[in-house]
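A short worksheet on the structure shown next.
The values are calculated or read from the model by the stated rules, or taken from the named source; none is laboratory data. The shown structure was predicted, so the numbers you read here are calculated from the model rather than taken from an experiment. Positions of Cβ are backbone-derived with ideal geometry, glycine not excepted, and every protein chain shown enters the neighbour counts.
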Amino acid sequence: MRDLLDVPLLAEYGTYHRDKRNLLCHELGIPLIVLSIIIALRLLHAGPIDLAMVTIAAVSVYYLKLAGPGSLVAIASLVIFYGIATFLAWPVAIGAFVIGWTLQFVGHAYEGKKPAFLTNLQHLLVGPLWIVALLTSRRTAA
(Lines give C-alpha, C1' and ligand atoms only; values in the text may rest on other atoms or scores of the structure.)
Protein backbone atom coordinates (compact mmCIF):
# COMPACT_ATOMS: atom_id res chain seq x y z
CA MET A 1 0.00 0.00 0.00
CA ARG A 2 1.44 3.36 -0.98
CA ASP A 3 1.88 6.17 1.51
CA LEU A 4 -1.25 8.32 1.54
CA LEU A 5 0.84 11.46 1.80
CA ASP A 6 2.22 10.62 -1.67
CA VAL A 7 -1.24 10.78 -3.28
CA PRO A 8 -0.87 13.88 -5.51
CA LEU A 9 -3.84 15.83 -4.09
CA LEU A 10 -2.77 15.06 -0.51
CA ALA A 11 0.85 15.98 -1.28
CA GLU A 12 -0.35 19.27 -2.72
CA TYR A 13 -2.47 19.89 0.39
CA GLY A 14 0.58 19.17 2.54
CA THR A 15 2.57 21.99 0.94
CA TYR A 16 0.23 24.42 2.69
CA HIS A 17 0.89 22.81 6.08
CA ARG A 18 4.53 22.73 7.17
CA ASP A 19 4.65 24.84 10.34
CA LYS A 20 4.32 22.69 13.48
CA ARG A 21 1.87 25.16 15.04
CA ASN A 22 -0.29 25.06 11.93
CA LEU A 23 -0.21 21.27 11.97
CA LEU A 24 -1.38 21.23 15.58
CA CYS A 25 -4.17 23.70 14.79
CA HIS A 26 -5.30 21.45 11.93
CA GLU A 27 -5.05 18.26 13.96
CA LEU A 28 -7.49 19.80 16.44
CA GLY A 29 -9.56 22.00 14.13
CA ILE A 30 -10.36 19.63 11.27
CA PRO A 31 -11.87 16.93 13.49
CA LEU A 32 -13.97 19.60 15.22
CA ILE A 33 -15.23 20.87 11.87
CA VAL A 34 -16.01 17.35 10.62
CA LEU A 35 -17.86 16.50 13.82
CA SER A 36 -19.84 19.75 13.66
CA ILE A 37 -20.89 19.10 10.07
CA ILE A 38 -21.99 15.56 10.89
CA ILE A 39 -24.03 16.80 13.86
CA ALA A 40 -25.74 19.38 11.65
CA LEU A 41 -26.39 16.97 8.77
CA ARG A 42 -28.02 14.47 11.13
CA LEU A 43 -30.81 17.02 11.62
CA LEU A 44 -31.93 16.61 8.00
CA HIS A 45 -33.55 13.26 7.43
CA ALA A 46 -36.17 11.31 5.53
CA GLY A 47 -37.34 8.48 7.72
CA PRO A 48 -34.38 6.59 9.15
CA ILE A 49 -31.89 8.00 6.63
CA ASP A 50 -30.24 11.32 7.42
CA LEU A 51 -28.06 13.57 5.30
CA ALA A 52 -24.99 12.74 7.40
CA MET A 53 -25.28 9.07 6.39
CA VAL A 54 -25.58 9.98 2.73
CA THR A 55 -22.67 12.43 2.94
CA ILE A 56 -20.42 9.94 4.74
CA ALA A 57 -21.22 7.31 2.10
CA ALA A 58 -20.41 9.75 -0.73
CA VAL A 59 -17.19 10.96 0.90
CA SER A 60 -16.19 7.35 1.54
CA VAL A 61 -16.55 6.52 -2.16
CA TYR A 62 -14.49 9.63 -3.02
CA TYR A 63 -11.76 8.65 -0.53
CA LEU A 64 -11.63 5.07 -1.85
CA LYS A 65 -11.29 6.31 -5.43
CA LEU A 66 -8.64 8.85 -4.42
CA ALA A 67 -6.53 6.75 -2.06
CA GLY A 68 -7.78 3.16 -2.17
CA PRO A 69 -7.56 0.96 0.91
CA GLY A 70 -5.33 3.53 2.61
CA SER A 71 -8.43 5.61 3.18
CA LEU A 72 -10.14 3.00 5.36
CA VAL A 73 -8.94 4.55 8.64
CA ALA A 74 -10.37 7.92 7.57
CA ILE A 75 -13.66 6.28 6.58
CA ALA A 76 -13.81 4.46 9.92
CA SER A 77 -13.17 7.80 11.63
CA LEU A 78 -16.16 9.32 9.87
CA VAL A 79 -18.34 6.45 11.08
CA ILE A 80 -17.04 6.87 14.63
CA PHE A 81 -17.75 10.61 14.45
CA TYR A 82 -21.28 9.78 13.31
CA GLY A 83 -21.72 7.62 16.42
CA ILE A 84 -20.42 10.42 18.63
CA ALA A 85 -22.69 12.92 16.86
CA THR A 86 -25.76 10.93 17.87
CA PHE A 87 -25.15 12.09 21.45
CA LEU A 88 -24.60 15.78 20.62
CA ALA A 89 -27.01 18.62 19.85
CA TRP A 90 -26.83 21.46 17.33
CA PRO A 91 -25.41 24.03 19.81
CA VAL A 92 -22.35 21.77 20.14
CA ALA A 93 -22.10 21.76 16.33
CA ILE A 94 -22.03 25.54 16.22
CA GLY A 95 -19.37 25.78 18.92
CA ALA A 96 -17.21 23.06 17.36
CA PHE A 97 -17.53 24.66 13.93
CA VAL A 98 -16.48 28.11 15.17
CA ILE A 99 -13.58 26.76 17.23
CA GLY A 100 -12.46 24.48 14.42
CA TRP A 101 -12.38 27.23 11.80
CA THR A 102 -10.73 29.64 14.21
CA LEU A 103 -7.96 27.11 14.70
CA GLN A 104 -7.59 26.75 10.92
CA PHE A 105 -7.09 30.46 10.38
CA VAL A 106 -4.79 30.83 13.40
CA GLY A 107 -2.72 27.96 12.00
CA HIS A 108 -2.45 29.64 8.63
CA ALA A 109 -1.39 32.87 10.30
CA TYR A 110 1.52 30.89 11.78
CA GLU A 111 2.18 29.26 8.41
CA GLY A 112 2.09 32.55 6.55
CA LYS A 113 0.09 30.95 3.73
CA LYS A 114 -3.55 31.16 2.78
CA PRO A 115 -5.66 28.05 3.34
CA ALA A 116 -5.33 25.42 0.62
CA PHE A 117 -9.06 25.35 -0.15
CA LEU A 118 -8.84 28.92 -1.47
CA THR A 119 -6.91 27.56 -4.47
CA ASN A 120 -8.66 24.19 -4.81
CA LEU A 121 -12.05 23.43 -3.25
CA GLN A 122 -11.24 19.70 -3.24
CA HIS A 123 -8.96 20.47 -0.31
CA LEU A 124 -12.07 20.92 1.84
CA LEU A 125 -12.78 17.22 1.27
CA VAL A 126 -9.22 15.94 1.53
CA GLY A 127 -8.32 17.79 4.73
CA PRO A 128 -9.74 15.06 6.99
CA LEU A 129 -8.07 12.33 4.91
CA TRP A 130 -4.78 14.21 5.05
CA ILE A 131 -4.99 14.52 8.85
CA VAL A 132 -5.50 10.75 9.14
CA ALA A 133 -2.60 10.16 6.72
CA LEU A 134 -0.39 12.51 8.72
CA LEU A 135 -1.22 10.94 12.06
CA THR A 136 -0.89 7.35 10.81
CA SER A 137 2.42 8.10 9.08
CA ARG A 138 3.77 9.52 12.34
CA ARG A 139 2.64 6.42 14.18
CA THR A 140 4.33 4.05 11.74
CA ALA A 141 7.52 6.17 11.79
CA ALA A 142 7.76 5.97 15.58
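Within the range 86-97, the presence of a residue that is without any contact (Cβ under 8 Å) to a residue 12 or more places away in the chain and surrounded by 15 or more Cβ atoms within 10 Å (Cβ to Cβ) is excluded. At pLDDT below 95 and surrounded by 12 or more Cβ atoms within 10 Å (Cβ to Cβ), is that true of LEU135? Yes. For the range 53-71, which positions are among the β-branched types (Val, Ile, Thr) and more than 14 Å from the chain's Cα centre (by Cα)? The answer is VAL54, VAL61. Every residue in the range 8-22 that is closer than 12 Å to LEU134 by Cβ and touching a Leu at 6+ places or on another chain (Cβ under 7 Å), please. If the condition is that a residue be closer than 12 Å to LEU134 by Cβ and touching a Leu at 6+ places or on another chain (Cβ under 7 Å), then LEU10, ALA11, GLY14, HIS17 are the ones that fit. Name the single residue that is farthest from ILE94 (Cα to Cα) among those in the range 16-55 being of a type in the set (Val, Ile, Thr) and touching a residue at least 40 places away in the same chain (Cβ under 8 Å). Among those residues, the one meeting the criterion is ILE30. Within the bounds of the range 74-83, is there any residue that is in contact with an Asp or Glu (Cβ under 6 Å, 6 or more places away or on another chain), within 23 Å of ASP3 (Cβ to Cβ) and surrounded by 13 or more Cβ atoms within 10 Å (Cβ to Cβ)? No, the range 74-83 contains no residue that is in contact with an Asp or Glu (Cβ under 6 Å, 6 or more places away or on another chain), within 23 Å of ASP3 (Cβ to Cβ) and surrounded by 13 or more Cβ atoms within 10 Å (Cβ to Cβ).
Looking only at residues in the range 102-118 that are assigned to a loop (DSSP other than H, G, I, E, B) and surrounded by 12 or more Cβ atoms within 10 Å (Cβ to Cβ), which one is farthest from the chain's Cα centre (by Cα)? Step by step, filter the range 102-118, then rank; the result is LYS113.
State which residue is surrounded by the fewest Cβ atoms within 10 Å (Cβ to Cβ) when the search covers only the range 119-132 and only residues that are free of Cβ contacts under 8 Å to residues at least 40 places away in the same chain and not in a helix (DSSP H, G or I). Only one residue fits best here, namely LEU121.
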